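Quick notes on the structure that follows.
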């Protein structure tokens, strides 16, 4: 996002709308005496468009220029109004467990593991995303990256988790690494994430997905409890109402 | 992946906070899904959501229900937020009898969602996703009281500074709490922001927060 210096009156009304915090600096106009305008720190801005959508600017100074590659990835991952065409899904990730009832993305014995860097309100550079992705892949735990995920698309080597060099300096409001592994490898995957968390200058959320069997306990619960992991009381729950339903078990 | 998953709050606060999502599946039922998605939205609307929207169009606080319905295309993911478990039970009863055909996901407290499903005559949860929390430089996060509000927007479009500014505005008598919460709902274009819960959280925030100057 940018503020047109010929229009901006430095009223500060846009400041609190920025999810990245205070990223604006005052500048003195070089041609209009006494005129002060704000400049948006282009490195800190993720082009999420929130300040523009808020329609808060009294002089319409805020605008989103058409950004060239690689900067355009900021808007693709940060602005909820923009769809990443590679995933064919609105948003920053994939359909993941939302459509597990019809696609069978996560089978019994498998666990989906997602790592979303930067949210809420901190942001993440792709170099941070690469650090986590490479740590996961280096551990060789059978973690399979979700092919249609935007971050996977930006990888130059999907076996190592290495991202394209030209996107490493770009920043997003959040970026998600998505994939799955066997349930028995989950403790090792979590350990890798715990270790890599100490090396980052941002935050990340971790989520795990499992198919719930018709009877018996949720397979992931005893694993998490044995590891002493905190997990949320609230969850995302697929109702199993999609059609046609995926056949998970022989008796179905 | 995590749109409505990482909401923070107490059990009491989260127990009347449900996000119902309708999602067609690429490669399975996405083609020709627009009428099914509209049907799903219309059913949800009958049961009185507090918010409803589609991330690419907006929600009922910044556009109209007719606009949201008319802009549904094959592949559109829609979300409806409810502030009451009885509404979820009645909604599930209708969805059980009159399935739209697309996948339906409910975010909420796991055992409460399962109870609602059981009361509606549905079986067990099909698949679930847990949050294992926020890791890394967590000292960069806002306070928990503000985090409860900002995590209601899955895309993190509600800025913590905006919440602080609104606290100041309300304390100075410039705006009402309701007005502030409606504006936060407008920021969260998908319709995930629960206005009822937002108002409650804001009331709890006011006595413990004083903001003299932000900038």
Practice problem: Please sort B:81-87, B:29-35 by packing, taking for each peptide the average over its residues of neighbouring beta carbons within 10 angstrom, highest first. | Solution: B:81-87, B:29-35
Quiz item: If you wrap a convex hull around the C-alpha atoms of segment B:11-119 and split its volume per residue, what is the figure in Å³?
Solution: 98
Practice problem: Report, in deg cm²/dmol and to the nearest 500, the calculated mean residue ellipticity at 222 nm for chain A, where each DSSP H run with n ≥ 4 adds -39500 (n - 2.57) and the sum is divided by the residue count. | Solution: -5500 deg cm²/dmol
Quiz prompt | Label-point separation, residue A:64 to residue A:28 (7 Å along Cα→Cβ), nm | solution = 3.5
Self-check item: Acute angle (nearest 10 degrees) that the helix B:85-97 long axis makes with the longest principal axis of chain B, alpha-carbon atoms
Solution: 20
Exercise. Let me know the mean shielding of A:43-53 by other chains, meaning the per-residue number of their Cβ atoms within 10 Å of its Cβ.
Key: 2
Quiz item: Taking only DSSP H segments of four or more residues, each worth -39500 (n - 2.57), what value at 222 nm results for chain B once the sum is divided by all its residues, to the nearest 500 deg cm²/dmol?
Solution: -11500 deg cm²/dmol
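Estimate the FRET efficiency between residue A:157 and residue B:115 by the formula 1/(1 + (r/R0)^6), using the beta-carbon distance for r and 45 Å for R0, to the nearest 0.05.
It comes out at approximately 0.45.
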Quiz prompt | Averaged over A:205-213, number of beta-carbon atoms from partner chains that fall within 10 Å | solution = 6
Self-check item: Length-normalised contact order for chain A - Cα pairs under 8 Å, 6+ apart - percent
Solution: 21
Exercise. Report the Stokes-Einstein translational diffusion coefficient (µm² s⁻¹, integer) for segment A:1-65, Rh taken as the Kirkwood radius over Cα pairs, at 4 °C with viscosity 1.567 mPa s.
Key: 110
Quiz item: Once label points are set 7 Å from the Cα along Cα→Cβ at both residue B:98 and residue A:225, what is their separation, rounded to one decimal in nm?
Solution: 4.1
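To the nearest 0.05, how large is the calculated FRET efficiency for residue B:74 and residue A:56 if R₀ is 22 Å and r is the Cβ-Cβ distance?
0.05
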Self-check item: Additional length obtainable on full extension of the chain from residue A:247 to residue A:198, 0.36 nm per residue less Cα span
Solution: 13.5 nm
Quiz prompt | Degrees separating the helix A:186-197 axis from the principal Cα axis of chain A, which is the longest one | solution = 20
Quiz item: Got the relative contact order for chain B handy, in percent, Cα pairs under 8 Å and 6 or more residues apart?
Solution: 30
Quiz item: Is there a simple number for the mean count of other chain Cβ atoms within 10 Å of the Cβ of residues in B:111-121, and what is it?
Solution: 2
Quiz item: If packing is taken as the mean number of other Cβ atoms within 10 Å per residue, what is the order of A:11-17, A:200-206, A:235-241, highest first?
Solution: A:235-241, A:200-206, A:11-17
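What is the gain in length, in nm to one decimal, between residue A:35 and residue A:165 on full extension, counting 0.36 nm per residue of separation less the C-alpha to C-alpha distance?
42.8 nm
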Practice problem: Give the relative contact order (percent, whole number) for segment B:138-208; include only Cα pairs under 8 Å separated by 6+ residues. | Solution: 36
Quiz item: To the nearest 10 degrees, how steep is helix A:126-138 against the longest Cα principal axis of chain A, on a 0 to 90 scale?
Solution: 20
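Quick one: if the Förster radius is 22 Å, what FRET efficiency do residue B:210 and residue B:178 give, using the C-beta to C-beta distance and rounding to 0.05?
It comes to 0.55.
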Quiz item: How much space per residue, in cubic angstrom, does the convex hull of the C-alpha atoms of chain A take up?
Solution: 150
Practice problem: Using per-residue counts of other Cβ atoms within 10 Å, averaged over each peptide, order A:128-137, B:179-188, B:140-149 from highest down. | Solution: A:128-137, B:179-188, B:140-149
Practice problem: Would you mind checking the radius of gyration and Dmax of segment A:123-252 based on alpha-carbon positions, in Å? | Solution: 16.6, 51
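Bear in mind these aren't lab numbers, they're just calculated from the coordinates by the rules spelled out. Predicted model only: the values in this text are computed from it and were never measured. Ideal geometry is used to build each Cβ from the backbone, glycine not excepted, and the neighbour counts take in all protein chains shown.
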